[in-house]
Each structure stands twice: as C-alpha cells, then as structure tokens.
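The values are calculated or read from the model by the stated rules, or taken from the named source; none is laboratory data. Small disclaimer: the values here were computed from a predicted structure and weren't measured. Cβ sites come from the backbone with ideal geometry, for glycine too, and all protein chains shown count toward neighbours. These area figures cover heavy atoms from the full protein model, side chains too; ligands, DNA and RNA do not enter into them. Shrake-Rupley method; radii C 1.70, N 1.55, O 1.52, S 1.80 Å.
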Amino acid sequence: QVQLEESGGGMVQAGGSLQLACTCSRHISSINQVGWYRQAPGKLRQSLASFTFGGQASYADSVKGRFTISRDTAGTTVYLRMNSLKPEDTGVYYCHAVLGWTSYWGQGIQVTVSS
C-alpha cells in the first residue's frame, strides 16, 4: 500500500507561483508511477505531471513549460512547482500513485488562483 499526503496549496494571484509537496509512505523508486492530478470545479480529474517507473517526467500540454515535477533526494517526496499560474489552474490538486494494479490517491489540496 501507499499513503499519500499533499501540502503547500493555497491562494495566489494570477502570474504567481506555488509549490505543492506529496509525501509518500514508501520510496518512490518502488512505485510504478507517481504524479499530480487536478480537478477543476465541474470538470473531470486531469493528469498534470508524473514520473514513470523509469524516472521520466511527463506533462499535460496545458501545464508544459509552467509546471515542473521533481522529487527529493530521500526519494519519498514529490513536488509540483507551478509558475505563471492562471485562474483556470484553480482546483483541487491530488497526488496519485500506481503500485502494481492499484491506484492510490491523496486527500487533495485546494489551489485558488485569483485574477
């Protein structure tokens, strides 16, 4: 099993930056995939950025060049650095992990970008 806990959300003005952190209960190298999703009001949950088992990062087109996924040297925390935030980035951000055939989710954290 994997427990995930997000932190770092909040409110920011358009053009600003925030960094989210996801603390994992096991080493990231033992997880097939770990990354970040967003659910905007009235919309489906969308994948934003993730690390695959091989360590490669991938991004949704909507955040490419603005968001960066990274991990700490201890291998238990995944970050999402968000720059040039837009009002449409508002939503609940979830940390997500895949271990074997099972998906795990954090509780989610609110990010609000004001215009």
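Scanning the range 89-112 for residues that are free of Cβ contacts under 8 Å to residues at least 60 places away in the same chain, in contact with a strand residue (DSSP E or B) (Cβ under 8 Å, 6 or more places away or on another chain) and either over 13 Å from residue 18 (Cβ atoms) or in a strand (DSSP E or B) (or both) turns up 91, 92, 103. Go through the range 58-72 and give me each residue that's in a loop (DSSP other than H, G, I, E, B) and either open to solvent by 70 Å² or more (accessible area, probe 1.4 Å) or aromatic (Phe, Trp, Tyr) (or both). Scanning the range 58-72 gives 61, 64, 65. Looking only at the range 75-90, decide whether some residue is at pLDDT below 95 and farther than 23 Å from residue 114 by Cβ. The answer is yes; a qualifying residue exists.
For the range 82-115, the tally of residues that are farther than 18 Å from residue 68 by Cα and of a type in the set (Phe, Trp, Tyr) stands at 3. Counting residues in the range 73-80 that are open to solvent by 40 Å² or more (accessible area, probe 1.4 Å), touching a residue at least 12 places away in the same chain (Cβ under 8 Å) and over 13 Å from residue 4 (Cα atoms) gives zero. Only one entry in 16, 55 is open to solvent by less than 30 Å² (accessible area, probe 1.4 Å), modelled with pLDDT of 95 or more and outside any strand (DSSP E or B), namely 16.
For the range 1-13, the set of residues classified as more than 21 Å from residue 77 (Cα to Cα) and open to solvent by less than 30 Å² (accessible area, probe 1.4 Å) consists of 12 only.
Residues in the range 20-52 that are surrounded by 12 or more Cβ atoms within 10 Å (Cβ to Cβ) and part of a loop (DSSP other than H, G, I, E, B): 5 in all.
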